[in-house]
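The values are calculated or read from the model by the stated rules, or taken from the named source; none is laboratory data. Source: prediction; values computed, not measured. Because the Cβ atoms are built from the backbone with ideal geometry, glycine has one as well, and the counts that use them run over all protein chains shown.
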Amino acid sequence: MTAATAAADSGRRGIPFGRFLNIMGAHLDIWRLNLKAVAYNREGSKHVPSLSSGEDQQQSSVPAESTPRPGRRKLPDERQSITHKFSIGGHEGYLTVGLYEDGTPGEIFITMAKEGSTISGLMDSMAVVTSLSLQYGVPLRFLVDKFSHVRFEPSGWTGNSQIPYAKSIMDYIFRWLGAKFLGPEYTVTEAGESPGLRTTESDPQQVLQFAPTAPDAPLCAECGSIMTRNGSCYKCGNCGGTSGCS
């Protein structure tokens, strides 16, 4: 095949003539070296190329742009702190919060009085995780929303007017942190009612959807429910039975 014929054939196949000459030269080198097999790979078709030029190696040696990593904001050696004593169902404990210069919390310590090694170890581990989360920039609001109203024992009355009942130690600690450093909206009671909320109805009993029952209404002979007056007789609202009149 002549060079002109090869150029025309490469043009029909959509292969640039320069690339075709490289391929033809590679085949001649393979024939001269008496090689048995050869494989071609389009550039970028494989994750790791089998061969690469010096320019590619030089480019690959350039370090890629480093991904941003979170930075830890440690507290100073001497810092302000707040210690809060709490009691949950008779289980007493102490919560110490270390503060940054701006007054935001950066670490917590939880000490449970008269408790076994298991619950003390769990409280210590939770305090370490919370402290590291705060120092690495996790907002306190996310932690409060995550661990508030978590229910497990011990639970019970606390004696704290802002948080009268705690569903667990975690519930009390993070609701207290939220009320102390975020706002009073985190002092919601277990029933979901805040001291600032009031009922919108003056007398909810006035809007009951049940039919009124007479004080002398008999019991249904079929199911035992209290019957309601239906004209001159009584009718059961549960099973539909009547007192005998049609």
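Okay, residues lined up against (1) in a helix (DSSP H, G or I); (2) without any contact (Cβ under 8 Å) to a residue 60 or more places away in the chain:
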site	(1), (2)
E92	no, yes
V97	no, no
G106	no, yes
S120	yes, yes
D124	yes, yes
S131	yes, yes
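Among the residues of the stretch 106-155, those identified as farther than 18 Å from G93 by Cα, more than 14 Å from the chain's Cα centre (by Cα) and either hydrophobic (A, V, I, L, M, F, W, C) or not assigned by TED's automatic domain parsing to the domain that holds G178 (or both) are V129, L132, L134. Quick check, is R73 charged (D, E, K, R), surrounded by 10 or more Cβ atoms within 10 Å (Cβ to Cβ) and modelled with pLDDT of 75 or more? So R73 passes the test.
In the set (1) modelled with pLDDT under 70; (2) closer than 24 Å to F174 by Cα, G103 fails one condition alone, (1).
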